[in-house]
1. Quick one: how many Å² of ASP111 are accessible to a 1.4 Å probe, rounded to 10?
2. Apply the Debye scattering formula to the range 93-207, with a single equal point scatterer on each alpha-carbon and no solvent, then give log10 I(q)/I(0) at q = 0.18, 0.23 Å⁻¹.
3. Under a cut-off of 28 Å between alpha-carbon atoms, report the lysines in cross-link reach of LYS102, not counting same-chain residues fewer than 8 places apart.
4. In a Gaussian network model over the chain where Cα atoms closer than 10 Å are linked, find which of GLY88, GLY48, GLY131 has the largest mean-square fluctuation.
5. Please report, as a whole percent, how much of the solvent-accessible surface of the chain comes from carbon and sulfur atoms (probe radius 1.4 Å).
6. Taking only protein heavy atoms and a 1.4 Å probe, what accessible area per residue, in Å², does the chain have with all protein chains in place?
7. Specify whether the C-alpha gyration tensor of the range 125-173 places it in the rounded, prolate or oblate class, a ≥ b ≥ c being the square roots of the eigenvalues: rounded for a/c under 1.5, otherwise prolate if a/b is larger than b/c and oblate if not.
8. So what is Rg over Rh here for the range 143-194, counting just Cα atoms and using Kirkwood for Rh?
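The values are calculated or read from the model by the stated rules, or taken from the named source; none is laboratory data. None of the values given here were measured: they were computed from a predicted structure. When we count neighbours, we look across all protein chains shown, and the Cβ atoms used for this are built from the backbone with ideal geometry, even at glycine. Just so you know, the surface numbers come from the protein's heavy atoms only, side chains and all, with ligands and any DNA or RNA stripped out. Shrake-Rupley method; radii C 1.70, N 1.55, O 1.52, S 1.80 Å.
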Amino acid sequence: MERYRLAIFDFDGTLADSLPWFRASFQDMITRFDLAPVRDDEVEGLRGLSAREIMARLNVSMWQLPTIVSDMRKRKLAAASEISLFAGIPAMLTDLQRQGIKTAIVSSDSDASVRQVLGPTASLITRFDCGAALFGKHWKFRRVARRLGVKPSETICIGDEIRDIEAAGAAGMDSGAVAWGYAFPSALQAAGATYLFNSIDEMIERLAVAK
């Protein structure tokens, strides 16, 4: 079988090490939007839940969600200079480009924030489609693949949350779950990830060979 021709990446927790920022901002978000309280010793347990389960735990309504997401995007952009890529990401993207594998970023974060954190590495990305809704990423996955002339069967979507795995499945694409992001690896495997990557080197090796 042929190799993947397109790798679509999530950004936060997948390419960018933003989990420390999120942890530092979490309690302020709860206070700001009067959400259900979560003790500090309970926060880690949220990493085993889906986005909808987290919303239910925090008592977030669907009408509140756009406001919360917009606020977090603005705060994330303001803190972008404090966030860095995971070690090895620029080299990985360079390697994929050398192999002729197209790359894209589909993220709920803003385009400005993503590009600021990427810096010069942004030139290695074939296409950006940022500002995705918390739910419905699969539409953007399909749009990116279509605009790049790549079939869903030739595409892998790589992320660190259960919703990334679910969106890939809804788009008819394979999924790669990274073990270093927001969700626990066990939760990502239970969600049906095609592959679980425990390291960037492991991901490169997988994408370099035929499926």
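1. Rounded to the nearest 10, that gives 60 Å².
2. Evaluating at q = 0.18, 0.23 Å⁻¹ gives log10 I(q)/I(0) of -0.97, -1.59.
3. By straight Cα distance, LYS102 reaches LYS76, LYS137, LYS140, LYS151, LYS211.
4. Between GLY88, GLY48, GLY131, it is GLY88 that shows the largest mean-square fluctuation.
5. Accessible surface attributable to carbon and sulfur in the chain totals 53 percent.
6. Computed with neighbouring chains in place, this is 46 Å² per residue.
7. Because a/c hits 1.5 or more and a/b fails to exceed b/c, the range 125-173 counts as oblate.
8. Answer for the range 143-194: 1.01.
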